[in-house]
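Colleague: Before anything else, here's the structure in question.
The values are calculated or read from the model by the stated rules, or taken from the named source; none is laboratory data. As the structure is a prediction and not an experimental result, all values here were calculated from the model. Heads up, the Cβs are rebuilt from the backbone with ideal geometry, glycines too, and the neighbour counts pull from every protein chain shown. Only protein heavy atoms, including side chains, enter the accessible area calculation; ligands, DNA and RNA are left aside. Shrake-Rupley method; radii C 1.70, N 1.55, O 1.52, S 1.80 Å.
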Amino acid sequence: MNTNVKSELLKRMSAGKDHPVSGQQLAEEYGVSRTAIWKYVKELESEGYEIGSIRKRGYYLIDSPDTILPAAVQQFLQTKQYGRTIRHIESCPSTQMLAHEEAQNGAPDGMVIIADEQTAGKGRLSRPWSSAAGKGIWMSVITRPELTPQQAPQMTLVAAVAIVRAIEELTEVTPTIKWPNDILAGGRKLTGILTELQADPDRVKAIILGIGMNVNQQSQDFPEEIRAIATSLSIEEGQPVNRAKLTAKVLDYLELYVALYVDKGFTPIKLLWESYADSIGKRVRISTLQDTYEATARGISEDGRLEVVLDDGTVRGIYSADIHII
Ligand code: BT5
């Protein structure tokens, strides 16, 4: 199946009834048969799209389902590489596992594994990630930036900035970032990021960005134990949000900011990140695997560490921990 033609068909059909897409013309442009276009129309209908047709003029879109199938996402994409190859799965334990396999088998830079449902979604330290069916964006993006393994952890912060920008552009929600990997709205968790690495000692082979975004859940869709700490865009916004459009927007910004990081270093990302951070200048409790203590958050360092000032004035750079504002 040619998702290019299919996503182009979808994109053009969105222009409405007054501007129907001529199947004949699209077929000629893409060098496929008129029947192939008709088959794409039928395929889209079976995926839930409502399509109108006007004799001798063409097709137009009446209504779209909330799907994240490749063509649905790709019709909105503005990237060169990211999201140009998408593997969509209805249900899987974790997209992260599949992405590792794909990366080992030579997946291209920017390939996306996206699922409607994860049955064993995971966070950091193997914590569970709730991934309700059809309600969120559960995806892993395989990236192959020219970075050293030491520069890899900052990719979490790059992804966080990309996600915040995408949310800001498509919704009225004003998210904040909690170091290192949480995006919050109204103090509750909206999105989590899990960055994993495949590398040689001196060279990154792939950085797999696992992104879990709560989009159309209502409070009862979250397991009881996280109901008080989790939120979704639709809870914040008061209306459903189009998952395909948001997925594409996240990929647009991700491609942009990864390139910025690789070309110009971490400083521009750091400045953006700090402008969205909710903990800078605040008193925080820091829990690492070893201990728990309090300090004041000062900013992030060039290597992505959270800098905190201890009560005796010493500055400490934290590489990995859970942070609570107190
Ligand atoms: C994260 O871990 O926040 C990283 C989450 C990454 C999920 C994506 S989805 C696509 C890809 N495939 C995967 O299997 N994973 C990635 P962490 O900072 O450890 O946060 C985990 C904690 O967040 C849990 O212990 C819960 O308290 C809470 N939590 C679980 N599910 C949540 C949800 N849907 N929304 C908000 N909070 C949640």
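Colleague: For a protection proxy built on the mean count of beta-carbon atoms within 10 angstrom, sort 206-217, 241-252, 264-275 highest first, please. Present the calculation step by step, with values, prior to reporting the outcome.
Modeller: Values: 206-217: 24.7, 241-252: 23.0, 264-275: 15.8.
So the order, starting with the most tightly packed, is 206-217, 241-252, 264-275.
Colleague: Another question about this same structure. Could you derive backbone 3J(HN,Hα) for the range 176-185 from the dihedral phi with the Karplus parameters 6.51, -1.76 and 1.60 (θ = phi - 60°), listing whole Hz in sequence and x where the residue is Gly or Pro?
Modeller: Each residue's phi maps through the Karplus curve to give 10, 10, 10, 4, x, 9, 10, 10, 10, 9 Hz.
Colleague: Now for a separate question. Before rounding to the nearest 500, sum -39500 (n - 2.57) across all DSSP H runs of length at least 4 in the chain and divide by the residue total; then give [θ] at 222 nm in deg cm²/dmol. Before the final figure, lay out each step's value.
Modeller: On the way: 9 runs with 101 residues, N = 326.
Rounded to the nearest 500, the figure is -9500 deg cm²/dmol.
Colleague: Further question: For residue 42, what accessible area in Å² do you get when you roll a 1.4 Å probe over the heavy atoms of the protein chains, rounding to the nearest 10?
Modeller: Near enough 90 Å² of accessible area.
Colleague: Next question, about the same structure. Could you tell me how many degrees, from 0 to 90 and to the nearest 10, lie between the Cα long axis of helix 154-170 and the main elongation axis, the longest principal axis, of the Cα atoms of the chain?
Modeller: Rounded to the nearest ten degrees, it is 50.
Colleague: How big is the gap, in Å, between the Cα center of the range 218-289 and the Cα center of the range 17-32?
Modeller: Each part's Cα centre sits 39 Å from the other's.
Colleague: Right, another one. Using Cα-Cα distances under 8 Å and only pairs 6 or more residues apart, what relative contact order does the chain have, in percent?
Modeller: Working: 666 pairs, mean separation 45.5, N = 326.
The normalised contact order for the chain reaches 14 percent.
Colleague: Which order do you get for 98, 26 if you rank them by accessible area with a 1.4 Å probe, largest at the top?
Modeller: Details: 98 30, 26 0 Å².
Reading off the accessible areas and sorting them downward yields 98, 26.
Colleague: Round to a whole number: what % of the accessible area of the range 131-256 belongs to carbon and sulfur, probe 1.4 Å?
Modeller: In the range 131-256, the share of accessible area belonging to carbon and sulfur is 46 percent.
Colleague: Can you give the angle from 0 to 90° between the axis of helix 3-13 and the longest principal axis of the chain, with both taken from C-alpha atoms, to the nearest 10?
Modeller: 80
Colleague: Could you give the angle, 0 to 90 degrees to the nearest 10, between helix 267-276's Cα long axis and the longest principal axis of the Cα atoms of the chain?
Modeller: 90
Colleague: Next question. Rolling a 1.4 angstrom probe over the protein chains, ignoring ligands and nucleic acids, what is the accessible area of residue 174 in square angstrom, nearest 10?
Modeller: The accessible area comes out at roughly 100 Å².
Colleague: Can you work out the FRET efficiency for the pair residue 33 and residue 117, with r the C-beta to C-beta distance and R0 = 41 Å, to the nearest 0.05?
Modeller: Using R0 = 41 Å, I get an efficiency of 0.70.
Colleague: I've got another one for you. I need to check one value: relative contact order of the range 283-325, counting alpha carbon pairs closer than 8 Å and at least 6 residues apart, in percent. Write down the numbers at each step before the final one.
Modeller: On the way: 77 pairs, mean separation 16.6, N = 43.
Normalised by residue count, the contact order of the range 283-325 is 39 percent.
Colleague: What is the distance in Å between the Cα centroid of the range 151-203 and that of the range 291-326?
Modeller: The two parts, judged by their Cα centres, are 18 Å apart.
Colleague: Near the amide H of residue 51, under 5 Å away, which other amide H atoms are found, from residues 5 or more places off or on another chain, if H is placed in the peptide plane?
Modeller: HN-HN under 5 Å from residue 51: 62.
Colleague: Stick to Cα atoms and the Kirkwood definition of Rh, then tell me Rg/Rh for the range 93-200.
Modeller: Expressed as Rg/Rh, it is 0.95.
Colleague: Could you give the nm distance between label points at residue 312 and residue 91, where each point is 7 Å from its Cα heading toward the beta carbon?
Modeller: The two pseudo-label positions are separated by 5.5 nm.
Colleague: Got the relative contact order for the range 157-263 handy, in percent, Cα pairs under 8 Å and 6 or more residues apart?
Modeller: 28
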